[in-house]
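Remarks on the structure that follows.
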Amino acid sequence: MPVSDSVDREAVGETRQADREGLPINELFYSLQGEGTLAGVPSVFVRTSGCNLRCWFCDSYHTSWEPTHAWMSLEEIVAEVDSHAEADHVVLTGGEPLLHERSVDLLEALEERGYHTTVETNGTIHREAPIDLASISPKLESSTPTPERDPKGDGEWAERHENDRIDLEALAALVEDYEFQLKFVVTDADDMPEILELLEELRDATSEPIGDDDVLLMPEGATRERLAETRSRVAELAMDHGFRYTPRLHVDLWNDAPET
């Protein structure tokens, strides 16, 4: 169900009152999970609008840089999810879905109906909720929208993004509370020292074991053409370090088409 055609450009900072009524939904659709340990699993995707970061390469531009959405009540969201009888997996994604308090209510409603839920998060926000898989994607320095790679060209978000992109306390809490995968968007070998340093810090910050097979390297790229430039070297980096490689199956299948 495309809802992004029904656009409400209300700023994310003004959503507190509306959050009591529902969630800002950019897309709600049925597809295959394209990333991570559940790649290939038929799933219903609930994509919220709004994000506290601004990765320059964001593949969900209309949830972050120019957020668009329609307000949907929890009842409407659940009814639409239920209409896809083929799927028993639901992916709550964004944007940053944990930005919204009502995401917890949605996850509770989905749990009551027996759905497996994956939450795709940048790891800067922790909430107590019934989450079956926390797919945590910490943002590296290479994601920062410096003036030369800012999609809007004004560099307004660079400092804020850089300051907020890693929250070790929130990361540790997510790892401790949920089954998790750590999924890093990687461009090339220059990203690896930062990943290794963050893993060391995170392992020191939590008693929860973090194995190398919990770490997934995913090639940067929202189009087939860009993935062709990054996938081979990222796969080699995964082998070199003993981490897992994850494809972007939806990009391989449908390129950058919406609702995939």
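Across segment 158-201, the number of residues qualifying as surrounded by 17 or more Cβ atoms within 10 Å (Cβ to Cβ), in contact (Cβ under 8 Å) with a residue 24 or more places away in the chain and in a helix (DSSP H, G or I) comes to 11.
With respect to the stated conditions, THR206 fails to be of a type outside the set (D, E, K, R) and closer than 26 Å to TRP65 by Cα. Number of residues in segment 110-148 that are of a type in the set (A, V, I, L, M, F, W, C) and part of a helix (DSSP H, G or I) equals 1. The single condition among (1) at pLDDT below 95; (2) outside any loop (DSSP other than H, G, I, E, B) that ALA257 does not meet is (2).
Of all residues in segment 37-89, those being touching a strand residue (DSSP E or B) at 6+ places or on another chain (Cβ under 8 Å), part of a helix (DSSP H, G or I) and under 28 Å from VAL215 (Cβ atoms) number 3.
Here LEU174 qualifies as touching a His at 6+ places or on another chain (Cβ under 8 Å), farther than 20 Å from SER49 by Cα and of a type in the set (A, V, I, L, M, F, W, C).
Yes or no, residue by residue, for (1) within 17 Å of the chain's Cα centre (by Cα); (2) in contact (Cβ under 8 Å) with a residue 60 or more places away in the chain; (3) under 19 Å from ASP177 (Cβ atoms):
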| position | (1), (2), (3) |
| --- | --- |
| ILE77 | no, no, no |
| HIS89 | yes, no, no |
| GLU108 | no, no, yes |
| ARG113 | no, no, no |
| THR117 | yes, no, yes |
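For segment 60-75, residues that are surrounded by fewer than 17 Cβ atoms within 10 Å (Cβ to Cβ) and touching a residue at least 60 places away in the same chain (Cβ under 8 Å) total 1.
Residue check: is ALA257 free of Cβ contacts under 8 Å to residues at least 40 places away in the same chain, among the small types (Gly, Ala, Ser), under 26 Å from SER43 (Cβ atoms) and in contact with a Leu (Cβ under 7 Å, 6 or more places away or on another chain)? Taking the combined requirement at face value, the residue does not satisfy it. Picking from residues in segment 38-71 that are over 14 Å from the mean Cα position of the chain (by Cα) and among the hydroxyl-bearing types (Ser, Thr, Tyr), the one that is farthest from ASP82 (Cα to Cα) is THR68.
Among the residues of segment 44-59, those identified as charged (D, E, K, R) and either crowded, with 22+ Cβ neighbours inside 10 Å or touching a Phe, Trp or Tyr at 6+ places or on another chain (Cβ under 7 Å) (or both) are ARG47, ARG54. Take the conditions within 24 Å of SER64 (Cβ to Cβ), in a helix (DSSP H, G or I) and basic (Lys, Arg) and apply them to ARG226. Does it pass? For ARG226, the condition - within 24 Å of SER64 (Cβ to Cβ), in a helix (DSSP H, G or I) and basic (Lys, Arg) - is met. Determine whether ARG113 is buried (at least 17 other Cβ atoms within 10 Å of the Cβ), at pLDDT 95 or above and of a type in the set (Lys, Arg). Answer is no for this residue. Might you check whether a residue that is crowded, with 20+ Cβ neighbours inside 10 Å and in contact with a strand residue (DSSP E or B) (Cβ under 8 Å, 6 or more places away or on another chain) occurs anywhere in segment 143-156? Yes, some residue in segment 143-156 is crowded, with 20+ Cβ neighbours inside 10 Å and in contact with a strand residue (DSSP E or B) (Cβ under 8 Å, 6 or more places away or on another chain).
The values are calculated or read from the model by the stated rules, or taken from the named source; none is laboratory data. Model, not experiment: these values are computed from the prediction. In this analysis, Cβ positions are derived from the backbone assuming ideal geometry, glycine residues included, and neighbour counts consider all displayed protein chains.
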